[in-house]
Protein chains: 2
Amino acid sequence: MVDDDAKAGGRLPRSGCPVANALDTFGDRWTLIVIRDLVMGKRRYGELQKSPENIPSNILADRLRQLERLEVIRRVPYQERPRRYEYLLTEKGADLLPILQAVTRWSGRHIPGGWQVPERFFALTPDDLKRE
Amino acid sequence: MVDDDAKAGGRLPRSGCPVANALDTFGDRWTLIVIRDLVMGKRRYGELQKSPENIPSNILADRLRQLERLEVIRRVPYQERPRRYEYLLTEKGADLLPILQAVTRWSGRHIPGGWQVPERFFALTPDDLKRE
DNA sequence: TGCAGATACTTGCATATTGCAAGTTTCATA
DNA sequence: TATGAAACTTGCAATATGCAAGTATCTGCA
């Protein structure tokens with residue numbers, strides 16, 4: 001099993017450095033991929049699982065747990081019988097948008113062969129994600 | 001031994017997504033810590049090892065290798081007899097600054113207890129790091 | 001009644017990565 | 001010849017990742 005108290009959170013802070021603290025939240029191979037998908041409007045487990053990167057199911061479940069614990073996302077029911085949940089960004093989560101934008105810009109400039117990202121992505125603000 | 005072709009690079013791209021591509025470069029617990037220190041002016045192995053986060057020596061060596069391979073840093077000799085090297089950011093590396101700034105801002109806003117970062121850090125530009 | 005299909009996860013296990021502590025190499029200097 | 005500095009390397013235990021398959025809870029339809 002993936003340790004409940006692991007990688008993307010949970011460890012005692014390594015230092016007071018803001019960069020180090022942030023890495024304890026999303027410093028791994030998958031967390032920002034999940035955030036990216038939530039930013040792009042996905043909400044359900046099944047949708048998140050369908051990314052082109054093919055995140056393993058157990059890792060996805062683990063990361064959603066961490067992110068909920070760290071209050072980056074909220075897990076809210078969208079139906080009863082059977083009870084099912086969807087995942088929404090909190091304000092803390094929506095505020096990760098500028099990081100995704102900076103990462104995307106860097107990648108666009110320095111890593112060839114990446115997808116072309118529409119200019120309106122860079123025009124988005126965290127507030128745009130906080131509706132509903 | 002830490003696999004030469006691992007985590008911070010080397011894997012076949014998971015997708016064409018710029019975010020995913022970037023994570024294949026620095027999506028782990030340590031790489032951005034090393035970049036942070038280089039941005040802050042450190043250059044030598046010994047200096048990089050002295051961070052408050054206490055990066056394990058083998059991980060540091062591995063990350064420096066990856067970053068050099070990915071052309072984020074350059075390894076240049078600073079003395080002969082015995083030959084010793086220091087590490088400098090390339091343009092690709094210096095351009096990571098906006099990401100560090102965004103990360104630092106997010107952390108400052110959402111993770112309590114982090115160090116106070118001087119305002120002039122946010123005023124830095126990649127060009128400031130490209131001297132020499 | 002009962003069986004297929006959705007959806008959201010969980011489990012087991014092999015492989016890969018991390019982290020710790022100690023060791024190696026190459027000189028310079030005393 | 002001995003000590004020290006700097007930059008790594010090595011061995012190995014502890015963790016995390018990735019894959020494939022399994023479970024749980026219903027709905028809808030025969």
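Readers should treat all values here as calculations from the given coordinates under stated rules, not as data from a laboratory. Predicted model only: the values in this text are computed from it and were never measured. Positions of Cβ are generated from backbone atoms using ideal geometry, with glycine treated the same way; all protein chains shown enter the neighbour counts.
Within segment B:60-89, the residues that satisfy the criterion of being closer than 15 Å to B:F26 by Cα and part of a loop (DSSP other than H, G, I, E, B) are B:L70, B:E71, B:V72. Restricting A:E47, A:E53, A:E71 to those that are more than 10 Å from DNA strand D (Cβ to nearest atom), at the interface with chain B (Cβ under 10 Å from one of its Cβ atoms) and of a type in the set (D, E, K, R) reduces the list to A:E71.
Close contacts from segment A:101-118, counting a first residue that is more than 7 Å from chain B (Cβ to nearest Cβ) and within 14 Å of A:M40 (Cβ to Cβ) and a second that is of a type in the set (G, A, S) and crowded, with 18+ Cβ neighbours inside 10 Å, with Cβ to Cβ under 8 Å and a gap of 6+ residues or different chains, come to A:Q101/B:A102. Does segment A:71-90 include one or more residues that are near DNA strand C (Cβ under 10 Å from one of its atoms), without any contact (Cβ under 8 Å) to a residue 40 or more places away in the chain and closer than 24 Å to B:C17 by Cα? No: segment A:71-90 contains no residue that is near DNA strand C (Cβ under 10 Å from one of its atoms), without any contact (Cβ under 8 Å) to a residue 40 or more places away in the chain and closer than 24 Å to B:C17 by Cα.
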